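**Q** Supplied in structure tokens, the structure appears directly below.
The values are calculated or read from the model by the stated rules, or taken from the named source; none is laboratory data. Computed from a prediction, not measured in an experiment: that's the story for all the values here. Here the Cβ is made from the backbone with ideal geometry for all residues, glycine too, and neighbour counts use every protein chain on show.
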Amino acid sequence: MNNDWYELKNWLIKYEAIDKNINNPLDIKRINLNSKQIKEIPEHIGILENLITLDLSNNLLEFLPENIKNLKKLINLNISKNYFKILPEVLEHLNLSSLNASSNLIEKSDIIPKCLNLRVLNLSLNKLNEFKSIAFNNNLRVLNISNNFIKDISSLCKTLCNVERFNISSNLIEEIPDNISYLISLNVLDVQDNQINKISKEIYKLSLEELDLSDNQIMELRLKEMQDLENLTIDNNPIQKISLSDDFAPYLKVFSAEGCGIKEFLMFKSIEIKNLCYTSNEIIQIPEEIIQYSKLEELNIDDNNIKDLPDNLANLNNLKILYIEGNPLKEHAKRVINVLHPKICDIKMKKGIIVEEAKEFDLPQMAHLIDELFSIEKDFEADFNKQLTGITKLLEQKSNVLLVAKHNDKVVGMVTMQRLISSAEGNYIGQIEDLIIKKDYHNMGIGSRLLNKIRSIAQQLGYKRIQLAADINNENAHIFYIKRGFYQTNLKIFHYKP
């Protein structure tokens, strides 16, 4: 074993995975080999018998060594962003609680029914045509099989009675089957971006808290029951008929129906509503009853046929954001808007702004934007070449997220997020930086869209926290972040340049 340990230790030190002072393989409990361009894992890794967490993500792996089966205490394994075509059979010998195998080339998942201890499984962004039923005595709580080629989930549903979060977005599913009733523990269901045109009435009996049906082929929707539902998204469906029962979602907080062709503003019985989005529909009138939504914080009614607004809209004291561009507003409606406090309402949202992931050809424009930011922040000095080098390196790391806002193909805003490890959270967190909007595009809601998008991505990535820093004298930025749910801590940032 001494020779095996000596070889393995040198290999791990080479990739900066352990401290060179470690002399006993049993002292190693966590290893991070993320983004090391590794093609092969040494067989000797099996001597790390106390290993709990192993991160092999973003490498060039196609196989795992047989001796990995000796890692009986390993509960967290990340092999995402590699080149696996099948899930390694050796996994059935482990006691894994969490497995992330996303962003590979996996076509078969036959080994999963033998992994009875799995609680969290991520097989998104692979090449699965089907997903074999999981063992009935499974412990699975979170399942993500989004971005595959799956057409049917009927048989799978029968074995998911313990699953609480289920993501099957971006597949080829045409129907939510009656077997959805087996998911008695389900809290969050994401089926966006499929081809769904039929929804079983059994879905209304589930204890869902969040449901995303956006980007499907749903033409008729009957909203009823769902006593625990707090968040419903139905964006971009060709809905011709929608009915609303009085008993539907009494605690609903968020409803979004962007681009559905809806002609009528739906009035939910819930008084917990905080966010309503009806962008790009055919709504003519906002009802007086909107005053019952005393907790409403954001109302998005861009691009409808609204001419007037009820006077009592101005009495919604918690309303922070109002998007209302693209409507033929009368003077009375404009007066109602003017009553709303201008510092808490974004009412100048510019049309034609696209938010998307940054590409390599966007980098020079982004570097110029950072120059604008550094002209405000006294701690930094603008240097285009340094800024370009920095964001180029950010883009090269797949674990980072770079978003840009574009108008007429020109970058007018940006934000970046790096992945960090927090000892306090015991997991990954996101560090947001470089949220910048060109001066001519301020107060148009672009910053809100970028921040909302980056927060959504952080949630999808499972980050336990996102954080950012703002110049101590930039009061406008402080107000912006606080209104969007961030809070200031007691920490101060110190810099040191060796």
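**Q** For the range 146-158, name all the residues that are over 17 Å from Glu107 (Cα atoms), modelled with pLDDT of 90 or more and assigned to a loop (DSSP other than H, G, I, E, B).
**A** none
**Q** Return the residues of the range 391-434 that are without any contact (Cβ under 8 Å) to a residue 12 or more places away in the chain and either within 22 Å of Gly445 (Cβ to Cβ) or basic (Lys, Arg) (or both); say none if nothing qualifies.
**A** Lys393, Asp409
**Q** While we're here: Within the set of pairs 6+ apart or on separate chains, which have a first residue in the range 81-102 that is on the phi > 0 side of the Ramachandran plot, a second that is in a loop (DSSP other than H, G, I, E, B) and hydroxyl-bearing (Ser, Thr, Tyr), and C-beta atoms under 9 Å apart?
**A** Pairs that qualify, where the first residue is on the phi > 0 side of the Ramachandran plot and the partner is in a loop (DSSP other than H, G, I, E, B) and hydroxyl-bearing (Ser, Thr, Tyr), are Lys81/Ser35; Lys81/Ser57; Lys81/Ser102; Lys81/Ser103; Lys81/Ser399.
Residue-wise test of (1) at pLDDT 85 or above; (2) of a type in the set (A, V, I, L, M); (3) in the same structural domain as Asn104 (by TED's automatic domain parsing).
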{"position": "Glu360", "(1), (2), (3)": "yes, no, no"}
{"position": "Pro364", "(1), (2), (3)": "yes, no, no"}
{"position": "Ala367", "(1), (2), (3)": "yes, yes, no"}
{"position": "Leu373", "(1), (2), (3)": "no, yes, no"}
{"position": "Ser399", "(1), (2), (3)": "yes, no, no"}
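**Q** Considering only residues that are farther than 22 Å from Glu209 by Cβ, among the hydrophobic types (A, V, I, L, M, F, W, C) and in contact with an Asp or Glu (Cβ under 8 Å, 6 or more places away or on another chain), which ones fall in the range 261-285?
**A** Within the range 261-285, Ile262, Ile283 qualify.
**Q** Still on this structure, please answer the following. Taking Ser170, is it on the phi > 0 side of the Ramachandran plot, of a type in the set (Gly, Ala, Ser), crowded, with 19+ Cβ neighbours inside 10 Å and under 26 Å from the mean Cα position of the chain (by Cα)?
**A** On the way: on the phi > 0 side of the Ramachandran plot: yes; of a type in the set (Gly, Ala, Ser): yes; crowded, with 19+ Cβ neighbours inside 10 Å: yes; under 26 Å from the mean Cα position of the chain (by Cα): yes.
The answer is yes for Ser170.
**Q** Of the conditions (1) over 28 Å from Glu396 (Cβ atoms); (2) surrounded by 11 or more Cβ atoms within 10 Å (Cβ to Cβ); (3) modelled with pLDDT of 90 or more, Arg30 fails just one. Which one is it?
**A** So the condition that Arg30 fails would be (1).
**Q** Would you point out which residue out of Arg455, Arg449 is under 21 Å from Val411 (Cα atoms), surrounded by 13 or more Cβ atoms within 10 Å (Cβ to Cβ), modelled with pLDDT under 80 and out of contact with any Asp or Glu (no Cβ under 6 Å at 6 or more places or on another chain)?
**A** Working: Arg455 fails: modelled with pLDDT under 80.
Result: Arg449 is the single residue among Arg455, Arg449 that is under 21 Å from Val411 (Cα atoms), surrounded by 13 or more Cβ atoms within 10 Å (Cβ to Cβ), modelled with pLDDT under 80 and out of contact with any Asp or Glu (no Cβ under 6 Å at 6 or more places or on another chain).
**Q** Take residues that are over 27 Å from Ser181 (Cβ atoms) and tell me which of the strands (runs of 3 or more DSSP E) falling wholly in the range 211-311 contain 3 or more.
**A** Values: elements: 220-223, 231-233, 241-244, 254-256, 275-277, 298-300.
Here the list reads 275-277, 298-300.
**Q** What strands (runs of 3 or more DSSP E) lie completely within the range 383-495 and have 3 or more residues being under 20 Å from Asn34 (Cα atoms)?
**A** Numbers: elements: 401-407, 410-422, 427-437, 466-468.
Here the list reads 410-422, 427-437.
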